[in-house]
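What follows is a short report on a single structure.
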Amino acid sequence: MVEAFAVASGKGGTGKTTSTLALGMALAEEYDVTVIDADTGMANLLFHAGLDDADVTLHDLLVEDRDASVDDAVYERFGMSVVPCGTSLAAFEAADPIRLRDVVAELARDTDVLLLDSPAALGSKSAVLPIVLADRIVVVLQPTVPSLSDGLKVQEYAHSYGTDTAGVVFNRVRPDENVDRIAEQASRYFGGQTLASVPESDAVRAARRAGEPLLAHAPDDAAADAFREAAARLDVRD
Ligand code: ADP
Ligand code: MG
């Protein structure tokens, strides 16, 4: 049975796209994984996955009377099936976000794990849908109280739609930060588990510049280890 995860956060730039691809590659060791760039307004997963010149993208699947089939927008990369989204504003405006439901349902037939790289913030239909469509959310936060507060709102939102919390990935953790204290606060705020504390790492930036997921570019980096640990803790249902 497929399990769908939305990788979400309160604000942008916390590391959702980085996390989506890293978790995807780690889970692909064991499962058939499909990664979807559901951040249709600010899509940039394509840059992280070497798919800058992808011809057909999610945008082409979200229009009325579409010509493309779902398979046309699926690219086999790094051991995963990747559905990138385009970066054109006009294409975003032409897309009907609600159609993501059908696209996800179609992709779900052929995979074990779906990871939805989700937009930051809440409010618009395109921001909400990935969370509504997922079984569980992975909340990617920076290890600060304001970020926890943002994450809590995302979680409340998810729960109101019946989507559970898988846990929190703390990203860009610096050596001087007290991870235990933050994890304790997270469990108090979220009542859930900390999946991993991912260190601030030059390798993450280098991977993005190379157009490769971290686990492909620098599999031995400490941040890659942390993401593998997070993937193992997700305890994907069989
Ligand atoms: P989001 O999808 O939440 O907007 P991204 O995954 O695109 O965030 O990350 C935002 C920026 O932060 C990127 O330039 C990325 O390379 C950088 N970044 C993310 N995680 C780390 C990390 N652990 N260490 C260093 N840089 C990071
Ligand atoms: Mg992103």
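Calculated [222 nm] ellipticity per residue, helices only, for the chain: -11500 deg cm²/dmol; basis is -39500 (n - 2.57) per DSSP H run with n ≥ 4, divided by all residues, nearest 500. Excluding ligands, DNA and RNA, the accessible surface per residue across the chain is 44 Å² with a 1.4 Å probe. Ordering Pro175, Ala203, Tyr189 by Cα displacement along the dipole of region 151-238 toward the positive end leaves Tyr189 in first place; charges were set at the Cβ atoms of Lys, Arg (+1) and Asp, Glu (-1). Here the Debye sum runs over all C-alpha atoms of the chain as equal scatterers in vacuum, and log10 of I(q)/I(0) at q = 0.12 Å⁻¹ comes out as -0.59. Rounded to the nearest 20, the size of the Cβ-charge dipole of region 1-133 about its Cα centre is 660 debye, with Lys and Arg at +1 and Asp and Glu at -1. One Cα centroid belongs to region 176-203, the other to region 63-90; the line between them spans 33 Å.
The label-point distance for Ala105 and Asn178, in a model that sets each label 7 Å from Cα toward Cβ, rounds to 5.0 nm. The ellipsoid equivalent to the alpha-carbon distribution of region 6-48 has semi-axes of 19, 11, 9 angstrom, derived from the gyration tensor eigenvalues as √(5λ) and listed largest first.
When each of the peptides 210-223, 184-197 is scored by how many other beta carbons lie within 10 Å of its residues on average, the order from highest to lowest is 210-223, 184-197. With both residues required to sit in the chain, DSSP beta bridges show an antiparallel share near 10%.
The values are calculated or read from the model by the stated rules, or taken from the named source; none is laboratory data. A quick note: this is a predicted structure, and the numbers were derived from the prediction, not measured. Neighbour counts are summed over all protein chains in view; Cβ atoms, including those assigned to glycine, are modelled from backbone coordinates with ideal geometry. Accessible surface is based on the protein model in full, side chains and every heavy atom, while ligands, DNA and RNA are left aside. Shrake-Rupley method; radii C 1.70, N 1.55, O 1.52, S 1.80 Å.
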